[in-house]
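Sharing a structure with you now.
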Amino acid sequence: MYDMNVLILADSHYDNGKAHLHYPASEAVLGQFWQWLETASRGYDLVALCGDLTVKGSACISELEFVKKKLDALGKPYIPVPGNHDMCATKGMEDRYPGVEVYEYVPIEKTNHYRVFGESGVRFSRTFDGVLYIGFAVRNGDPDGQLDWLKRQLEKPGPKFVFGHYPLVQSRTDGFCKDWDYFRIDETITPLAGMLGNPDYGVAAYFCGHQHINSIVPLGSTYQIETASTVLGTTSYRIMEINNCNIKIHAERLPYVDGYAGELTLPGRSTDHEHPTVHEYHYGNESDLSITLKL
């Protein structure tokens, strides 16, 4: 019998405000976010973060240190997956976003994220109540050999949940999410999707973030479940409840934010056939918000 409650967050984007605020809207709600998380996390066995814990962690290690201090204070096990802001995945992004998204031309063990969170920050593999939880970092082209490590974890027996940052299949059939921002790990998407969607590996779900929307789409034999930003746009998170072999996953809005936090991404390109309104496109429709699976 399985029994586990997991709180799933993405794109919390802590910014220390030095130099400039990349996301002013996140700064306005982060104080309330940390207060909410301290209380809300008490009802969960595990907290999983699907990347972009910070805004400029790859260039400013103190942002990552601040987030680690906050997470350690929860007194709960947590999975601190890095996103492109925590560990830049694409060479040359420092020319596009100087000081914000800076590629670190060093082995993964010498990146800021690894220096703060250690091995579990880039290669998390731990069994809770008979289920293997895997969190992984990846950079484009996989210069760090992360795919080999991930394959070894997936070859272990039993059911698994996997946590990353980047969507591997299209999250929307049209609009900006049809083709937007998959380039950051474009050389690595195909082998990653092939592994996670392989029925022999028993992946119950792959969780990610990055695009600041909620979506649930098939990924081979499993599902890619994307969680919107906790502090930007529609400000939401996910809850996963495992009871016996039943898995219930659903999205919730943060209770202290009315409307949107800041501007929604590309609202002029935020509709498709399944999501005829901008709000539905970002927050999700019924099929994006909840799913029930068997373990």
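Of all the residues that make up segment 257-280, how many are of a type in the set (S, T, Y) and closer than 17 Å to A10 by Cα? Full working, then the answer.
So in segment 257-280, the residues of a type in the set (S, T, Y) come out as 260, 265, 270-271, 277.
Narrowing further to those that are closer than 17 Å to A10 by Cα: 260, 265.
Here the count works out to 2.
Looking at I239, I189 in this structure, which one is surrounded by fewer than 24 Cβ atoms within 10 Å (Cβ to Cβ) and touching a residue at least 60 places away in the same chain (Cβ under 8 Å)?
On the way: I189 fails: touching a residue at least 60 places away in the same chain (Cβ under 8 Å).
Selected residue: I239, the only one of I239, I189 that is surrounded by fewer than 24 Cβ atoms within 10 Å (Cβ to Cβ) and touching a residue at least 60 places away in the same chain (Cβ under 8 Å).
Just give me the residues in segment 44-67 being of a type in the set (D, E, K, R) and either over 19 Å from G209 (Cα atoms) or touching a residue at least 60 places away in the same chain (Cβ under 8 Å) (or both), in sequence order. Even if it seems obvious, please write down each step before you answer.
Step one: filter segment 44-67 for residues of a type in the set (D, E, K, R), giving 45, 52, 56, 63, 65.
If the condition is that a residue be of a type in the set (D, E, K, R) and either over 19 Å from G209 (Cα atoms) or touching a residue at least 60 places away in the same chain (Cβ under 8 Å) (or both), then D45, D52, E63, E65 are the ones that fit.
Right, something else. Could we say that Y103 is hydroxyl-bearing (S, T, Y), farther than 22 Å from F207 by Cβ and either crowded, with 18+ Cβ neighbours inside 10 Å or within 20 Å of the chain's Cα centre (by Cα) (or both) here?
Working: hydroxyl-bearing (S, T, Y): yes; farther than 22 Å from F207 by Cβ: yes; either crowded, with 18+ Cβ neighbours inside 10 Å or within 20 Å of the chain's Cα centre (by Cα) (or both): yes.
It is true that Y103 is hydroxyl-bearing (S, T, Y), farther than 22 Å from F207 by Cβ and either crowded, with 18+ Cβ neighbours inside 10 Å or within 20 Å of the chain's Cα centre (by Cα) (or both).
Has segment 164-187 got any residue that is in a strand (DSSP E or B), of a type in the set (A, V, I, L, M) and closer than 26 Å to M240 by Cα? Lay out the reasoning, then the answer.
The initial filter retains those residues of segment 164-187 that are in a strand (DSSP E or B), namely none.
For segment 164-187, residues in a strand (DSSP E or B), of a type in the set (A, V, I, L, M) and closer than 26 Å to M240 by Cα: absent.
Restricting attention to segment 210-236, report how many residues are β-branched (V, I, T), closer than 17 Å to K178 by Cα and either without any contact (Cβ under 8 Å) to a residue 24 or more places away in the chain or surrounded by 24 or more Cβ atoms within 10 Å (Cβ to Cβ) (or both). Talk me through it step by step, then tell me what you get.
Within segment 210-236, the first condition is being β-branched (V, I, T), and the residues that meet it are 213, 216-217, 222, 225, 227, 230-231, 234-235.
From the residues that got through so far, the ones that are closer than 17 Å to K178 by Cα too are 213, 216-217, 225, 227.
Filter once more, so that each one left must be either without any contact (Cβ under 8 Å) to a residue 24 or more places away in the chain or surrounded by 24 or more Cβ atoms within 10 Å (Cβ to Cβ) (or both): 213, 225, 227.
Residues in segment 210-236 being β-branched (V, I, T), closer than 17 Å to K178 by Cα and either without any contact (Cβ under 8 Å) to a residue 24 or more places away in the chain or surrounded by 24 or more Cβ atoms within 10 Å (Cβ to Cβ) (or both): 3 in total.
Just checking: which of the helices (runs of 4 or more DSSP H) contained wholly in segment 72-145 hold 1 or more residues that are without any contact (Cβ under 8 Å) to a residue 24 or more places away in the chain and of a type in the set (K, R)?
Values: elements: 93-96, 112-117, 119-122.
In segment 72-145, 93-96 are the helices (runs of 4 or more DSSP H) which contain 1 or more residues that are without any contact (Cβ under 8 Å) to a residue 24 or more places away in the chain and of a type in the set (K, R).
Now for a different question. Scan (1) over 30 Å from D142 (Cα atoms); (2) of a type in the set (A, V, I, L, M); (3) in contact with a strand residue (DSSP E or B) (Cβ under 9 Å, 6 or more places away or on another chain) for the single condition L196 breaks and write down its number.
(1)
Also: Please determine whether any residue of segment 275-295 is surrounded by fewer than 17 Cβ atoms within 10 Å (Cβ to Cβ) and modelled with pLDDT under 95.
yes
Would you mention how many residues in segment 271-290 are of a type in the set (A, V, I, L, M) and touching a Leu at 6+ places or on another chain (Cβ under 7 Å)?
Residues that pass the stated criteria total 1.
Something else now. So which of S26, S41 ends up being surrounded by 20 or more Cβ atoms within 10 Å (Cβ to Cβ), in contact (Cβ under 8 Å) with a residue 24 or more places away in the chain and of a type in the set (S, T, N, Q)?
Values: S41 fails: surrounded by 20 or more Cβ atoms within 10 Å (Cβ to Cβ).
Criteria check complete, one pass: S26.
Show the residue pairs that are 6+ apart or on different chains and have beta-carbon atoms under 6 Å apart, the first residue being within segment 266-295 and without any contact (Cβ under 8 Å) to a residue 24 or more places away in the chain, the second being among the hydrophobic types (A, V, I, L, M, F, W, C) and surrounded by 14 or more Cβ atoms within 10 Å (Cβ to Cβ).
From residues that are without any contact (Cβ under 8 Å) to a residue 24 or more places away in the chain, the pairs are P267/V278.
The values are calculated or read from the model by the stated rules, or taken from the named source; none is laboratory data. Because the structure is a prediction, the values reported are computed rather than measured. All Cβ positions, glycine included, derive from the backbone under ideal geometry; neighbour counts span all protein chains shown.
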